[in-house]
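Q: Right, I'll just put the structure down here and ask away after.
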Amino acid sequence: SDLRKAHAMSIGLSLVLVLSGQFPPPHVQDAPEADAVVIHETLDRLNGRVGNIRTANVDPDVLADIDVCAKSAEWIVRHREFFEPAYVQWTKDALEVGDRRATAFVRGNVDWFPKEGSTVLGYRSRVDESVQPYAVTLPRGYDPASDRRWPLHVELHGRNQKLNEVSFLHQFEGKPLKDNVGWIQLDIFGRTNNAYRWAGEADVLEALEAVKRRTRVDERRITLRGFSMGGAGTWHLGLHYPSLWSSIGAGA
């Protein structure tokens, strides 16, 4: 009996550690010096452009789409989260996306969304006024001018020690459709790894608000799903906000 209790406590403690992300993080490190110089210079330039755009009468969502690219680079530098050599190029790519969007905005052509495939967008959080990323995948045949409304699948990722804004942008930005799906997909960033609690919970709800603003979602057909940490988040949010979802899929 005591052995079973100890075993159950061990499993419970392991689950808490997995969901709360308390295992040691990967080794933090800076970008190589030459790359760091390029990143800093490019980031300073993009931040200047974001500042100029902010003074204009601009849609907050459009501004956040640009600003989230600068923020991703700023935070990976600040927290020394170049976990692998590829993160250096991914950071440069994120800055390039932001610069390209800023140029399109100045020319009066917000051309990065909506479009078929995956796009990383941004919103300004009410929690702390930070800009946060989320990814939207639009199916073939999506037409913002049409009256048609589409089902929405909200996807919660599993725990990933090496997740940050830069790797999230790399994972989703500009990726083509893999399958001919019949729904819009929202992939949540969730403030990295906090099991979609606290500010991570707010991120799910605020990103959901943002995608409803910007796409034609059928609010009667919203599925919440996830695996591992995402499965735990699905169970938690599915039961706490049952009126939001037509179905939930909690995998583990």
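The values are calculated or read from the model by the stated rules, or taken from the named source; none is laboratory data. Predicted, not measured: the structure shown is a model, and the values here were computed from it. Counting neighbours? That spans all protein chains shown, and the Cβs are built from the backbone with ideal geometry, glycine included. Side chains included, ligands, DNA and RNA excluded: accessible areas come from the protein's heavy atoms. Shrake-Rupley method; radii C 1.70, N 1.55, O 1.52, S 1.80 Å.
Q: What single numbered condition from (1) closer than 22 Å to VAL204 by Cβ; (2) surrounded by 22 or more Cβ atoms within 10 Å (Cβ to Cβ) fails to hold for PRO139?
A: Checking PRO139 against (1) closer than 22 Å to VAL204 by Cβ; (2) surrounded by 22 or more Cβ atoms within 10 Å (Cβ to Cβ), the one that fails is (2).
Q: Another question about this same structure. Given THR103, THR137, THR119, which one is at pLDDT 95 or above and either part of a helix (DSSP H, G or I) or among the hydrophobic types (A, V, I, L, M, F, W, C) (or both)?
A: Result: THR103 is the single residue among THR103, THR137, THR119 that is at pLDDT 95 or above and either part of a helix (DSSP H, G or I) or among the hydrophobic types (A, V, I, L, M, F, W, C) (or both).
Q: Related question: From (1) in contact with a helix residue (DSSP H, G or I) (Cβ under 6 Å, 6 or more places away or on another chain); (2) open to solvent by 10 Å² or more (accessible area, probe 1.4 Å); (3) over 30 Å from ARG220 (Cβ atoms), pick out the condition that doesn't hold for SER118.
A: Only one criterion is unmet by SER118, namely (3).
Q: If THR215 satisfies every condition in (1) under 27 Å from PHE113 (Cβ atoms); (2) over 15 Å from the mean Cα position of the chain (by Cα); (3) surrounded by fewer than 17 Cβ atoms within 10 Å (Cβ to Cβ); (4) not aromatic (Phe, Trp, Tyr) but one, which is the exception?
A: Unmet for THR215, out of (1) under 27 Å from PHE113 (Cβ atoms); (2) over 15 Å from the mean Cα position of the chain (by Cα); (3) surrounded by fewer than 17 Cβ atoms within 10 Å (Cβ to Cβ); (4) not aromatic (Phe, Trp, Tyr): (3).
Q: Tell me, which strands (runs of 3 or more DSSP E) lie completely within the range 142-241 with 3 or more residues that are in contact with a Gly (Cβ under 6 Å, 6 or more places away or on another chain)? Explain how you work it out, then say what you get.
A: Numbers: elements: 150-156, 184-188, 217-227.
Strands (runs of 3 or more DSSP E) meeting the threshold: 217-227.
Q: Could I ask something else about it? In this structure, is TRP198 on the phi > 0 side of the Ramachandran plot and of a type in the set (A, V, I, L, M, F, W, C)? Can you show your working first?
A: Details: on the phi > 0 side of the Ramachandran plot: yes; of a type in the set (A, V, I, L, M, F, W, C): yes.
So TRP198 passes the test.
Q: Condition test on PHE168, is it in contact (Cβ under 8 Å) with a residue 24 or more places away in the chain, open to solvent by less than 10 Å² (accessible area, probe 1.4 Å) and farther than 23 Å from SER246 by Cβ?
A: Working: in contact (Cβ under 8 Å) with a residue 24 or more places away in the chain: yes; open to solvent by less than 10 Å² (accessible area, probe 1.4 Å): yes; farther than 23 Å from SER246 by Cβ: yes.
Yes; evaluated as a whole, the condition is true for this residue.
Q: Are any residues in the range 44-85 in a loop (DSSP other than H, G, I, E, B), under 19 Å from SER125 (Cβ atoms) and of a type in the set (Phe, Trp, Tyr), and if so, which ones? First the steps, then the outcome.
A: We begin by selecting, within the range 44-85, every residue in a loop (DSSP other than H, G, I, E, B); these are 55-59, 79-80, 82-85.
Now restrict to residues that are under 19 Å from SER125 (Cβ atoms): 58-59, 79.
Passing the criteria: none in range.
Q: Now, a different point. Among the residues of the range 58-67, is there at least one that is farther than 30 Å from ARG149 by Cα, open to solvent by less than 60 Å² (accessible area, probe 1.4 Å) and over 19 Å from the mean Cα position of the chain (by Cα)?
A: Scanning the range 58-67, I find no residue that is farther than 30 Å from ARG149 by Cα, open to solvent by less than 60 Å² (accessible area, probe 1.4 Å) and over 19 Å from the mean Cα position of the chain (by Cα), so the answer is no.
Q: Also: Please count how many residues of the range 142-165 are within 13 Å of THR215 (Cβ to Cβ), in contact with a strand residue (DSSP E or B) (Cβ under 7 Å, 6 or more places away or on another chain) and open to solvent by 40 Å² or more (accessible area, probe 1.4 Å).
A: Residues meeting the conditions: 1.
Q: Quickly run through the range 218-244 and pick out the residues that are within 29 Å of SER146 (Cβ to Cβ), buried (at least 16 other Cβ atoms within 10 Å of the Cβ) and in contact (Cβ under 8 Å) with a residue 60 or more places away in the chain. Spell out how you get there, then give the answer.
A: First pass over the range 218-244, keeping only residues within 29 Å of SER146 (Cβ to Cβ): 218-225, 241, 243-244.
Remaining after also requiring buried (at least 16 other Cβ atoms within 10 Å of the Cβ): 222-225, 244.
Matches in the range 218-244: ILE222, THR223, LEU224, ARG225.
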